[in-house]
Amino acid sequence: MTTATPERSVRLPRIPRPSRPARLSRPPRAEKPDGQRPTTWAGSLREALDRPLTTYYLLLSASALLLTIGLVMVLSSSSVFSFRATGDSYTIVRRQLVWVVVGLPCAFIASRVSPQWVRRLAYPAFSISLVLLLMTAFMGVERNGNTNWLQLGPLLIQPSEVAKLSLVVWAAHIYANKERRLHSLHQVMVPVVPGMLLATGLVIFGRDLGTALILFAILIGMLWVVGAPARLFVMSSMLIGVLVLALAATDAERLGRITTFVDPFQDFHGTGWQPAHGLYAMSSGGVFGQGIGASQQKWGSLPEAHTDFIFAVLGEELGLVGTLLVIALFLTIAFSALRIARSTTDPFVRYASFGIVVWLIGQMIINVGMVLALMPVIGIPLPLVSYGGSSLLPTLAALGLLVGFARREPAAARALAQRKKVRSAGLSARR
């Protein structure tokens, strides 16, 4: 007789479950260890800045805000002058709106064209700018002691503003072609330095010292970014110092502006009138300002309230908060452009981005310095804020180029392409 033994349970092998497919619209995010998660505002800010489209959105938002603030301030600062001149308080702001409507498509086109196509326009744009500057020097219209305007039929333009953008593109194109030969001083100097000095000389011939300083700053900035030797900057500084003193000594009005900018109240009813009333406007604004439209200096005491000294009206109406916001927006544009210049592998994009930064930030510094009586009054508008189509259109085109450079960064291009695919998939699913 046998006893039955209990059967052993057979354990089957465990079959792993198939993983879920990742969604196309939102790829799985890798979880960071607890020690690597940003726990401070600085860490969160650094993480936000590392996103691929951060530079693109910073440029768009800062430029749009500055343009909006500019339209509001042109409306406020020009209303009294416009009513006295034409009987309509909105004449000047309407003209500015027309320039904005024309300039935004130009900026959009500039953001979409390839850098190779822009480079094809370098020499034609430089040649046209020289011809216009030459015509201005001999057939220009004089305003406020400067012959820097040119009448072309019904249009009155300022060719030196157009020359800023064309000189940046032309110099960036040449230096990009000479990328491997920039160790030679001759290759650095020729033909960029003679060409830009020729354009600057034509501007000086029209007695526009402010624009000449901007062109010279662009030249110095381009030489610095390509690695020119330090002795060249020392010689350039000495040259510009002697040139400024010579130009000041040959013009009584310009000499008065330079000698009285430190204390404009010593010649209050003369050359110190404009900077003194600019200081009045800034000081009466306080921290939060008098309110939009409440400026008192725009009623006739402050000359050029809607052009060169619009920052003074902005300080009076929006206060310290408004002025710091405007400066922060300009610095945001500079930060974004320098990020493009540092991360790109295209030498043309690097040099053009840096040249645009020197142009816009240098012009902003000079304009703010004039209003704060830290620099002489030399007639420089505030980019994107001051009234004037000759300044607004090239500035918008330059910002459009920067936006296009930001769009073409490899990580940004992939993010935009992925977003386009997701939107197309969503539209097809709805159908």
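General remarks:
- Meets criteria (surrounded by fewer than 16 Cβ atoms within 10 Å (Cβ to Cβ), of a type in the set (A, V, I, L, M) and either assigned to a helix (DSSP H, G or I) or under 21 Å from the mean Cα position of the chain (by Cα) (or both)) for residue 413: yes
- As a summary of the residue check, residue 228 satisfies the conditions (1) surrounded by 18 or more Cβ atoms within 10 Å (Cβ to Cβ); (2) in a helix (DSSP H, G or I) except for the one numbered (2).
- Meets criteria (modelled with pLDDT under 50, under 37 Å from the mean Cα position of the chain (by Cα) and either closer than 30 Å to residue 301 by Cβ or not charged (D, E, K, R) (or both)) for residue 52: no
- Lone qualifier among 160, 166 - being in contact with a Phe, Trp or Tyr (Cβ under 8 Å, 6 or more places away or on another chain) and buried (at least 22 other Cβ atoms within 10 Å of the Cβ): 166
- Subset of segment 213-225 (residues that are crowded, with 16+ Cβ neighbours inside 10 Å and among the hydrophobic types (A, V, I, L, M, F, W, C)): 213, 214, 215, 216, 217, 218, 219, 220, 222, 223, 225
- Top-ranked residue of segment 326-360 - restricted to ones that are under 10 Å from residue 405 (Cβ atoms) and of a type in the set (Val, Ile, Thr), ranked as surrounded by the fewest Cβ atoms within 10 Å (Cβ to Cβ): 344
- Qualifying position, being part of a helix (DSSP H, G or I) and under 30 Å from residue 277 (Cβ atoms), among 369, 404, 355, 400: 369
- Test for residue 310: is it among the β-branched types (Val, Ile, Thr) and either within 15 Å of residue 374 (Cα to Cα) or in contact with a Lys or Arg (Cβ under 7 Å, 6 or more places away or on another chain) (or both): no
- Consider segment 367-378 and keep the residues that are touching a residue at least 60 places away in the same chain (Cβ under 8 Å) and surrounded by 22 or more Cβ atoms within 10 Å (Cβ to Cβ). The one that is farthest from residue 129 (Cα to Cα) is 371.
- In the set 328, 294, only one residue is under 19 Å from the mean Cα position of the chain (by Cα), more than 30 Å from residue 180 (Cα to Cα) and without any contact (Cβ under 8 Å) to a residue 40 or more places away in the chain; that residue is 328.
- Any hit, segment 338-347, residues being assigned to a helix (DSSP H, G or I), over 29 Å from residue 282 (Cα atoms), touching a Ser or Thr at 6+ places or on another chain (Cβ under 9 Å) and among the polar types (S, T, N, Q): yes
- Check on residue 75, in a helix (DSSP H, G or I), under 21 Å from residue 357 (Cα atoms) and not small (Gly, Ala, Ser): no
- Top-ranked residue of segment 20-49 - restricted to ones that are hydroxyl-bearing (Ser, Thr, Tyr) and surrounded by 10 or more Cβ atoms within 10 Å (Cβ to Cβ), ranked as modelled with the highest pLDDT: 44
- Failed item in (1) out of contact with any Ser or Thr (no Cβ under 8 Å at 6 or more places or on another chain); (2) touching a residue at least 60 places away in the same chain (Cβ under 8 Å), with residue 424 passing the rest: (2)
- Residues that are assigned to a helix (DSSP H, G or I) and within 25 Å of the chain's Cα centre (by Cα) occur in segment 238-253; there is at least one.
- The number of residues in segment 84-140 that are outside any helix (DSSP H, G or I) and exposed (fewer than 14 other Cβ atoms within 10 Å of the Cβ) comes to 3.
- The lone exception for residue 212 - which of (1) touching a residue at least 24 places away in the same chain (Cβ under 8 Å); (2) touching a helix residue (DSSP H, G or I) at 6+ places or on another chain (Cβ under 6 Å); (3) not hydroxyl-bearing (Ser, Thr, Tyr) it fails: (1)
- For residue 395: the one exception among (1) polar (S, T, N, Q); (2) crowded, with 18+ Cβ neighbours inside 10 Å; (3) not in a helix (DSSP H, G or I): (3)
- Residue in segment 336-345 that is of a type in the set (Lys, Arg) and touching a residue at least 60 places away in the same chain (Cβ under 8 Å) present: yes
- Residue 417 fulfils the conditions (1) free of Cβ contacts under 8 Å to residues at least 24 places away in the same chain; (2) of a type outside the set (Ser, Thr, Tyr); (3) touching a Pro at 6+ places or on another chain (Cβ under 9 Å) except for a single criterion, (3).
- For segment 372-392, taking the residues that are assigned to a loop (DSSP other than H, G, I, E, B) and hydroxyl-bearing (Ser, Thr, Tyr), the one that is nearest to the chain's Cα centre (by Cα) is identified as 386.
- Contact annotation: residue pairs with Cβ atoms under 8 Å, 6 or more positions apart or on different chains, pairing a residue in segment 135-153 that is touching a residue at least 60 places away in the same chain (Cβ under 8 Å) with a partner that is acidic (Asp, Glu) and outside any strand (DSSP E or B), are 145/251; 145/253; 146/208; 147/208; 148/208.
The values are calculated or read from the model by the stated rules, or taken from the named source; none is laboratory data. Being a predicted model, the structure only gives us computed values, none of them experimental. FYI the Cβ positions are ideal-geometry reconstructions off the backbone, even for glycines, and counts take in every protein chain you see.
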